[in-house]
Every structure is written in C-alpha cells, then in structure tokens.
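Okay, so here's the structure we're looking at.
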Amino acid sequence: MFDVDFDLVRPMAPSKKSKKAQKQPPAHRTFRIIGPRPVEEEEESSESDFDPPSPWALINNVEPQAEEDQDSGEGNTSDKEHEEEISGEEEGEEEEDEEEDEDEQIQVPMKRKQVPKNANKSSFNHTPPLFVLPLTTFHRENSEDRSRR
Amino acid sequence: MLEPQGFYDVISAYGLPPSIIDLDRSAQDSVPYHVKMAYGFTNPFIVDGVTKQGGSLSPLKCTLTTSLCNRWLMDLDNQGALTIQTHMSHAGTPHTPTNDLSLHISLIEAMDDSLIIQHSLDALKISARYADCFQATYGWETEWRKSTLYAFNTPAPDSKHSLMPSVDYSNPQSEVTFWHRIPIIQEHITFLWVPINQPQKQFHFLRDIISNFTFPLLSSPIPLTLLHRIISQIVIAKLRPHLALQPISNANAATLDRMLATKIHAYLGFPFYFNLTLLSLPLDLCGLGFPSISRLNSSLAVSGLQRDLTHHIPSFRKMAELTLADWTCHYNGCLNPLLHSSSPRLPRYPHLLPSAWSLASSTLSCLQLSFIPIDLSFILDGNTFLCHLHSLFHTLYPSFPSLPTRTLYNFAKHGFTCLKQFGSFPPLFISLYCHCSFHFRSNFLHTYITLPETGPFYSRSQKGWHYGHVVRN
C-alpha cells in the first residue's frame, strides 16, 4: 500500500506565476501529475534527478483522443460552465492560460476542438416550465349533498 | 365538513390498528354539547360523527386525510411530475453523496393550503382533477373563484388552455368534467398568505400592519409597561408568524423598527425623539425593553434555517440538504457557506438562493457563528468525488497551480470518479489516534488501469518506479 501525504501533492502543470518556482521543484515532492510526455521531456527527466511520476500519469498518457471526446461531452461542458459561473470570465481565461502553459511545457500541440463558450449553455441552463395550482377549498355544509353521496 | 370516512380510509391504507377507528367512532357517537352563553349554559343537544373544531384531534385527522391525496397523486404515473435534484446531479457530475438525493413533489400542503406542482399544463390538469375528485369524495369543494394558476419559465397560456377541470360534486366518481376559467399569475407564489421568496412584498404587507395599528383610546395615558405589552401582544404577535415564513431584509426590518418607534413617540408626546436603540435595549441594560423587529427577523431566519436542515420530516430536510449542496458546490466553490466564510472571488449570496437563507447566513457571519455538519462520514468512506476535491482545493488555494481539468475527464472516462476507487482511509478509531493518511489500493496499477496500446509508461512497485514501453499486437 502506498502512503500519500496530500500535503505534498503538487500538480505538474504550472501557471505563469509559478513557472519559476516550478523549474526548481522542492525536494520533498513525492507526487506529481504529468501530461502526455514527449521524447524531449523524457530526456530532460533522465538527465535531471528522476522524480517519480504518479500512476495517474498513465491515465494522462492514455488516449489523447479521449480529451477531445470528453470536450464534446455533456459533463465537460457543464463542468466548464460551472467554473465559468463561479469564477466569471477572468477565471475562465485564467484556466485557458493554464492549459496553454501546460501545452507549452509538454510541447505537444494538442488539437482541441474549438468549443464556443456558450455551447450547450442554453440546454444546461434551461429551466423547465412550472405550473402551480393552489387548491382553495371550502367545506361543504349542506347535509343534502352528503346524503346524496 | 371533512367526512370522517376519510380518516378511517387513511387508517386502513396506512395499516394502522382498526381499533383507532372504533375509538374515534365511539368518541363521536351521541356527544352531548352545551353552549356557554352570557346567561349560563344552554340545554344539551346531541351531535353525531363530528370532530370538535379547535380540538387537538381535528388538525391531526385533517392532515392524515389530505396526506392520502398527496400519496395518491404521487403514485400516479405522471409524466409532468416535478423531481428536484442538485445542479451537479443534473449535470451528471456528482460531488458528494448529497447529490444522490432527489425529491419528488406532487402536492405541497400546509394546514388548509395546498399547491399542486407540475411541469406541464396537461399533467397539472390531470392532477387537479384527481385532487378535486378526492376532495369532493370526502366533503371538500374547490373554490374556483378564489383560485389562480401560477405559470413560470413559460409564456402565459391562453385562456382556452388554462381552463382547469373539476368533477361533479354531487357525484365525484362520474366522468363529467366542468371547466373553470382562472386568472394566471407569473410573478410569485402566495402560500399561506405569504408571498414566497418576495421579501420586499412581505415588507409592504408588514408595513401596512404597523401603519394600521392604533393604540387603544383610554381616559388616561397608557403607561410604558402597558405600551410594551400592547406592542408585544398585538403588533409583534401579528408580525412574528409572517416573518417566520418569509423574513425580510435587515434594512426593511430596521425601517419597521423606526415606524414602531415613531408611533410610540407620537403617542407619548415627548418633545425629543428617543434613540431607537434605547427603545429595544433590554431593561437590565437601561433600555425600555421593547421588542426589536430587526432582531426578531434575524433570529427567525437563523432558527428557520436550522429547523429546515434538521427537520424531522424527511422531505423538508432533503429539500434543505439539496439547497445547501447546490449553494456549496455550484455557487461557493465546494466550500460549505454555513461553516466557512465565503471566498472573496465568489458571489456571496447567489441570486437563486432563498432570501431567508441569505439573511440567515449573513446573521451567522455577523455573530461569527457556524452550522457545523456533524455527519461527515462520507469523507472517510471515500464517497467524495474527485471533482469535488479538485474544486475545493482550487477554492482554498486559488494561487496554487490547479490540476488540469483534462486529468479529471480522463479519470472519469476510465471509471475513476470517487475517492474510494483509488484507496481508503484507515478506520475511524485509528484515525483518531494517529495521522490519517490515505492508502492507495495495492493492486491499483494492475487491476484498474488499462494500459495504452503502445507508448511509454511509468509504473510503481514496492521497490520503486520503473520506466517501460508497451508494445501490443
């Protein structure tokens, strides 16, 4: 069984701000998440101190096509939209920047489908119609009605 | 009059002991009644088969009888029935076990008020006819002249399509259907005489109550103690139930406080205006001890939220949990807004949040109080989803590089969505005494991960990390 201290978890993809820090990874790093690894990246890693990647790297190496499939899926759209709704436009742009950074680092041109930002937004945000009928009642007092029933 | 047969049918339908029916019948059989008059009691007269209105048994029997209608409508295979679930569950990306909850609603009822809710007008007509048939069978009739149709998220249906059906009250089981024209409202729902989630309209209503209030005319001026009692027992007693159902904003509550203070000042005829704080300050703090509408409003909002979250009726509690889950994961970056102060990046009170919840949360925040969820067993059980952890991490550490979203999608594609699929936390009694670390499954690599058809890969064993190259034919 592998013990993973989540305090030490560091993702591979750096943002612009933390790029300098990423160049000199801390010695205590035990858990990394990497993207698709090109040949150049492998050479670099063999020259430098070998930093063991996580098993998750396998998942990232599997089927780059999967990303495109997911991009067109409902879950991705909704999740992206969720992030957009939470953090607004700036956050969305920031996320794109991060992904671009990651692409730069791994030097693999990822052909991403150009999904418009508002794709499926209307279908996700579509609120179905709602009809409400209050039952305003009164009690029947006529005994004739009761006897008739 | 609600027929006692409705109560007896409920006893049979719910499988309760039939002796309850016998007891009820005997309690209502040939009951002598006396009427108390100014000149004493009248002669007795005999009443059969009637539950005394105002007695403790009357609302219980009424509630049980109408619950039968609720269950009947719920059992109908209605295509337009309303099911409430969280945004995350709807999007197919659940975050916590709360996202598995769903609430099926066909009829909402409180006291003698009830609402039928459906997604389509045709489904609503079907349910309305069934409900009308049920009511007519047990002695109730729908007052169509006072009824309205609420329509939201859709253009108002034309008058021809908005006709509502009812049964023949002389023979509810017949196939005869009468159609009634009722007005259509698209602004808000009024339930129990309260505009739902409309604090401004509620404020106007409460403002009118205070405006129309006048002190009783007596030969001598009313002393302060009696003024306090009159305000508490007449004005506040009227405002309190309305505020409990729909609180108003703090600013509006302060306005009502000022209106009340102005009325008291005008009655006393002081040459100067006293401080509003002095009026509602407790006596032991040298105040006048009058009730404060602002404090009442805030406290009712907080106690209402607490009651909803811990309600003994599952449907109420479930609805509160769904709302909190949506607020937490959909609007607040997966951070519990009732436990933590919200992130400055996020909207503090989303516009879709019930106004009472916003007020309760702001009151809790002012008083530095929190509602602490005491059942977080799903964390140690590993029932937390990766997207929840990812979002939570991003909210708590916004400046920290976040995990690429692509990774989560790839995990999900291979069926890895939940933490327990990767490993487990140690049992709780061990976690209490030692560092709680997450243990990955020992066979994680070999059992669950599908290796690529070809390409480089890293693997990890007890001896360390290994680099290899997969070539498959």
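Each value in this text was obtained by applying a stated rule to the coordinates, not by laboratory testing. Here the structure is a predicted model, which means the values were calculated and not measured. When we count neighbours, we look across all protein chains shown, and the Cβ atoms used for this are built from the backbone with ideal geometry, even at glycine.
Just a few scattered comments:
- The trypsin sites (Lys or Arg not before Pro) of the stretch B:1-109 meeting both criteria, a DSSP state outside H, G, I, E and B (loop) and at most 14 other C-beta atoms within 10 angstrom of the site's C-beta, are B:52.
- DSSP-loop chymotrypsin sites (Phe, Trp or Tyr not before Pro) across the stretch B:1-105, with at most 10 other Cβ within 10 angstrom: B:39
- In this structure, the amide hydrogen of residue B:185, modeled 1.01 Å from its nitrogen in the peptide plane, lies closer than 5 angstrom to those of B:149, B:150, B:151, counting only residues at least 5 positions away or on a different chain.
- Exposure rule at most 13 other beta-carbon atoms within 10 Å, DSSP loop GluC sites (Glu not before Pro): chain B longest free segment: B:188-452
- Karplus-derived 3J(HN,Hα), 6.51/-1.76/1.60, for each residue of the stretch B:198-207, Hz, glycine and proline x: 10, x, 5, 5, 4, 4, 4, 5, 5, 4
- 17 Å cut-off, amide nitrogen to a point 7 angstrom out along residue B:113 Cα→Cβ, residues in the stretch B:153-197: B:185-197
- Cβ-based net charge around residue B:304, under 14 Å, with every Lys or Arg adding one and every Asp or Glu removing one: +2
- Cα point-scatterer Debye curve for chain B, base-10 log of I(q)/I(0) at q = 0.06, 0.13 Å⁻¹: -0.45, -1.33
- Shielding of peptide B:169-182 by partners, expressed as the average count of other chain Cβ atoms within 10 Å per residue Cβ, is 1.
- With contacts taken as Cα pairs under 8 Å and at least 6 residues apart, the stretch B:306-379 reaches a relative contact order of 23 percent.
- Global geometry of the stretch B:284-362, whether rounded, prolate or oblate, following the gyration tensor of its Cα atoms and the 1.5 cut on a/c: oblate
- Rounded if a/c under 1.5, otherwise prolate or oblate - the stretch B:1-160, Cα gyration tensor axes: prolate
- Charge tally around residue B:207: other residues with Cβ under 15 Å, Lys/Arg +1 each, Asp/Glu -1 each, net +2.
- For chain B: relative contact order, % (alpha-carbon pairs under 8 angstrom, 6 or more apart): 10 percent
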